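Let me begin by presenting the structure, written as structure tokens, before commenting on it.
Since every read-out is calculated from the coordinates, none of them should be taken as a lab result. For clarity, every value in this text was computed on a predicted model and none was experimentally measured.
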């Protein structure tokens, strides 16, 4: 029973700290201590240590004995790799879906609903804003009718959310930019214009994540 309680506490600490990393409440580059998190989560240091080890294994932290845990910053290489993967998968999905009128119509309906929810959301609630943003792109990936690619895209979701929250924190103009870009992406899909979608998606990802676009496939300099 004691083991189960400890395991449950470690799971809760893991989930809470990871969510704070994903939503930038604990920023990349910040050094946090076991004692600080134990006090914040009202637990002993043992479940915190277990949670930190798991987060280190997943690449979110680096542990330094007697100093604490460094939250790994979002590096330029990670941004490029995630954007590159998203470009490949979303473009592939759109080129597939526009050949199927019924699937295109269904995707457009889903994206319209998502965009309406996104416009209603409070941009100050970055956790919810980033969740809806990720859902918009996951709807596109899923519409490609390739479960293997869709499942792989879902594994990018946490990195996608973290990158988006960091961007919104960095620049207040990013949130309205995302909404405007999503409207344009939706219009391209509704117009069955995969080439236009390709161009808009590259520009959207490069601008939102503040990355020079000339090194990305299909992105304009």
For a quick check, take a GNM of the chain with Cα springs below 10 Å and name the residue from 128, 36, 78 with the largest mean-square fluctuation. 36
Anyone know which of 175, 38, 69 comes out most mobile in the 10 Å Cα GNM of the chain? 38
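How large is the direction-averaged shadow of the alpha-carbon convex hull of segment 2-71, in nm²? Don't skip to the end; give the middle numbers.
Working: hull surface 16.9 nm².
About 4.2 nm², averaged over all directions.
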I'd like the distance between the alpha-carbon centres of segment 106-125 and segment 1-74, rounded to an integer number of Å. 32 Å
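Rounded to a whole number, what is D in µm²/s for segment 1-156 from Stokes-Einstein with the Kirkwood radius over alpha-carbon pairs (20 °C, 1.002 mPa s)?
Working: Rh = 18.0 Å.
This corresponds to a translational diffusion coefficient of 119 µm²/s.
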Mean projection of the alpha-carbon convex hull of segment 76-208 over all orientations, in nm²? 7.0 nm²
